[in-house]
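Working notes for the structure below.
Computed from the coordinates by the stated procedures, all read-outs in this text should not be read as laboratory data. Note that the structure is a prediction, hence the values are computed from the model and not measured. Note that we place each Cβ from the backbone using ideal geometry, even for glycine, and neighbour counts take in every protein chain shown.
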Amino acid sequence: MPLEILLALVVGGILSITALLHLSGRSRVRELTQQTARFEWMRHAPDDVIVDVTIAHDMRSALVRTEAGIGLLWSFGADTVARHLQDFDRINHPEGFRIRFHDFGTPNALVRLDEFERPHWQNLMDTA
């Protein structure tokens, strides 16, 4: 098979799969509620006992207070990422906070907060 035809088939297949995933709604960013945040945290850290969950107004991130300490859960495309807030830097950002973890395998998180939420989240993170 000529290389040009093979390349067209591969590119066409990738574009078709991308279009199917997008049209089926699987490319939507995950929105968090109290229930979904608790479920997702337990999926990532099944041994934790959740005390409280604070959801951001944009529904893309949550602070989860557990008996072991406080953690951050955020949407990463259609999935979520959960990390305990133990070794991190909180950097002010025009849209909220950028959380930089000292673990090179963990991506930075941009937590979008309005002016009402920012002091409350900062207070919760300072107690971590």
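Which whole-number percent is the relative contact order of the chain (Cα, under 8 Å, 6+ apart)?
17
Using only the alpha-carbon atoms, how far is helix 3-23 inclined from the longest principal axis of the chain? Give it as 0 to 90 degrees, nearest 10.
Value to nearest ten degrees: 40.
With charges set only on the Cβ (+1 for Lys and Arg, -1 for Asp and Glu), what does the dipole of segment 65-128 come to about its Cα centre, in debye to the nearest 20?
60
List the GluC sites (Glu not before Pro) within segment 23-128 that DSSP assigns to loop and that have no more than 15 neighbouring Cβ atoms inside 10 Å.
In loop regions of segment 23-128 (DSSP not H, G, I, E or B), the sparsely surrounded GluC sites (Glu not before Pro) are 31, 67, 95, 115.
Given the options 30, 43, 118, state which has the largest fluctuation in a GNM of the chain using a 10 Å cut-off (strictly under) for Cα springs.
Evaluated over the chain, the most mobile residue of the options is 43.
To the nearest 10 degrees, how steeply does helix 117-126 sit against the main Cα axis of the chain, on a 0 to 90 scale?
Tilt of helix 117-126: around 70 degrees.
Taking the structure as given and computing Rg and Dmax of the Cα atoms in Å, which label from [x] 16.7, 52; [y] 18.6, 63; [z] 23.9, 84 fits?
[y]
Packing-wise, with mean Cβ within 10 Å as the measure, how do 4-11, 72-79 rank, highest first?
Top of the packing list down: 72-79, 4-11.
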